[in-house]
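Novice: Shown below is the structure under consideration.
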Amino acid sequence: MMPEPMPNGPQQVHAPAAPSPTAPRGVLVRGLRTVLLGYLLWCAALFALQRSMLYLPDLAGRGLSDAELAAIEGLERRWVTQDDGVKTESFLLRAESSPARGLAVLFHGNGELIDDGLEDARRWNELGFHALLPEYRGYGRTPGAPSEKRIVDDALAAIADARGVLDAGELVLHGRSLGTGVAAQVALRIGEAATTRPVPSLLVFESPFTSIASFAWGYGVPQFIVRDAFRTDEALAKLDVPVLILHARSDTVVPIAHGRTLAALAPRATLVELDGDHNSGISLTRPYWDAVAKAVESSSRGDRP
């Protein structure tokens with residue numbers, strides 16, 4: 001077999017084609033799109049599920065039965081029909097002394113019921129105060145779905161209802177955990193309408209947070225997607241009210257840094273740091289109530305720090 005003739009002139013050798021510079025860029029763009037889409041889906045999921053993460057009525061349980069409640073001496077169950085027709089429950093325990101010193105309103109945590117606040121209510125009775133425990137929507141025997149606006153609106157209506165049947169003078173708002181955010185917003189609303197409502201003489205916060213929004217970055221999302229922000233930090237900066245902050249040093253749910261920050265923001269705040277954790281029961285200790293009694297006396301005299 002004869003070899004093919006060589007072409008005339010110098011032979012040209014072609015180098016292999018260089019890879020397109022757009023190839024790795026396209027892979028990078030597709031990767032970034034996938035990451036962005038995943039992040040947006042994560043944000044959307046948290047936006048949709050956040051209230052079920054914040055409000056935990058199932059963890060709180062059903063509470064006491066009607067028969068058990070009827071057996072509690074001095075307990076008055078009050079029902080307020082709200083502006084949208086929902087009936088919300090409150091407990092009222094009247095002060096042991098007459099005339100009463102005032103009305104203390106207790107707001108519980110996100111995994112509790114008003115049933116869990118009866119012992120604290122008795123403590124307020126011993127201090128000469130009527131005690132009111134408004135329930136949140138969706139908790140215990142109160143129907144509906146909780147939200148910041150509805151809880152605050154309902155609480156204001158419950159307070160107005162209670163004051164209509166009481167001889168109460170001073171008004172104290174006492175919150176625990178989530179309830180501190182409720183108490184702060186109620187106080188702010190009352191302060192904005194001070195011509196028609198009594199201004200709180202004292203705020204008592206157990207394990208308070210600066211805001212629910214402040215926890216957002218812990219989940220990798222921006223604060224603006226938080227629907228119920230409970231901006232206690234912003235509320236306290238606007239209120240000229242005595243504030244007692246009681247916080248456990250080893251709190252792993254709401255770190256004590258929150259309490260310290262709020263104490264620095266509030267013009268008339270007192271911070272008491274106690275041993276224990278978020279759910280170790282610091283309200284069962286003597287130092288807790290000694291601090292409350294001292295704050296009550298100080299606020300009644302109009303003392304300023």
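The values are calculated or read from the model by the stated rules, or taken from the named source; none is laboratory data. If you're wondering where the values come from, they're calculated on a predicted model, not measured in any experiment. Note that each Cβ is placed from the backbone with ideal geometry, even for glycine, and that neighbours are counted across all protein chains shown.
Novice: Restricting to the range 40-74, what's the tally of residues that are in contact (Cβ under 8 Å) with a residue 60 or more places away in the chain, in a helix (DSSP H, G or I) and of a type in the set (D, E, K, R)?
Specialist: So the count comes out to 1.
Novice: State which residue is farthest from the chain's Cα centre (by Cα) when the search covers only the range 213-254 and only residues that are under 14 Å from A183 (Cβ atoms) and among the aliphatic types (A, V, I, L, M).
Specialist: V241
Novice: Further question on the same structure: Does the range 239-272 hold any residues that are part of a helix (DSSP H, G or I) and either at pLDDT 95 or above or loosely packed, with under 15 Cβ neighbours inside 10 Å (or both), and which are they?
Specialist: I256, A257, H258, G259, R260, T261, L262, A263, A264
Novice: Something else about it: Identify, by number, the condition in (1) farther than 18 Å from L133 by Cα; (2) touching a helix residue (DSSP H, G or I) at 6+ places or on another chain (Cβ under 8 Å) that G175 doesn't meet.
Specialist: In the conditions (1) farther than 18 Å from L133 by Cα; (2) touching a helix residue (DSSP H, G or I) at 6+ places or on another chain (Cβ under 8 Å), G175 misses (1) alone.
Novice: Next question, about the same structure. Residues being closer than 11 Å to L246 by Cα and assigned to a helix (DSSP H, G or I): count how many of those fall in the range 273-289.
Specialist: 5
Novice: State all residues of the range 151-170 that are crowded, with 21+ Cβ neighbours inside 10 Å and modelled with pLDDT under 95; if no residue qualifies, say none.
Specialist: Hit for the range 151-170 is A168, nothing else.
Novice: Being crowded, with 20+ Cβ neighbours inside 10 Å and not small (G, A, S) is the filter here, so list the residues in the range 199-227 that pass it.
Specialist: Of everything in the range 199-227, those that are crowded, with 20+ Cβ neighbours inside 10 Å and not small (G, A, S) turn out to be P200, L202, L203, V204, F205, E206, P208, F209, T210, I212, V226.
Novice: Taking the range 77-109 only, how many residues are surrounded by 11 or more Cβ atoms within 10 Å (Cβ to Cβ) and more than 28 Å from S299 (Cα to Cα)?
Specialist: Total meeting the criteria: 10.
Novice: Moving on. The conditions are (1) touching a residue at least 12 places away in the same chain (Cβ under 8 Å); (2) under 15 Å from A162 (Cβ atoms), and T81 fails exactly one of them. Which is it?
Specialist: Result: T81 fails condition (1) only.
Novice: I've got another one for you. If you scan the range 52-96, which residues turn out to be within 25 Å of the chain's Cα centre (by Cα), modelled with pLDDT of 95 or more and of a type in the set (K, R)?
Specialist: Residues satisfying the conditions are R77, R78, K87.
Novice: Here's another thing I want to ask about it. Restricting to the range 113-145, name every residue that is in a loop (DSSP other than H, G, I, E, B), within 22 Å of R51 (Cα to Cα) and free of Cβ contacts under 8 Å to residues at least 60 places away in the same chain.
Specialist: Selection gives L113, E135, R137, T142, P143, G144.
Novice: Output yes when any residue across the range 176-184 is in a loop (DSSP other than H, G, I, E, B) and under 20 Å from the mean Cα position of the chain (by Cα), and no when none is.
Specialist: Within the range 176-184, one or more residues are in a loop (DSSP other than H, G, I, E, B) and under 20 Å from the mean Cα position of the chain (by Cα).
Novice: Taking V186, is it closer than 16 Å to R101 by Cα, among the hydrophobic types (A, V, I, L, M, F, W, C), modelled with pLDDT of 95 or more and in contact with a helix residue (DSSP H, G or I) (Cβ under 8 Å, 6 or more places away or on another chain)?
Specialist: no
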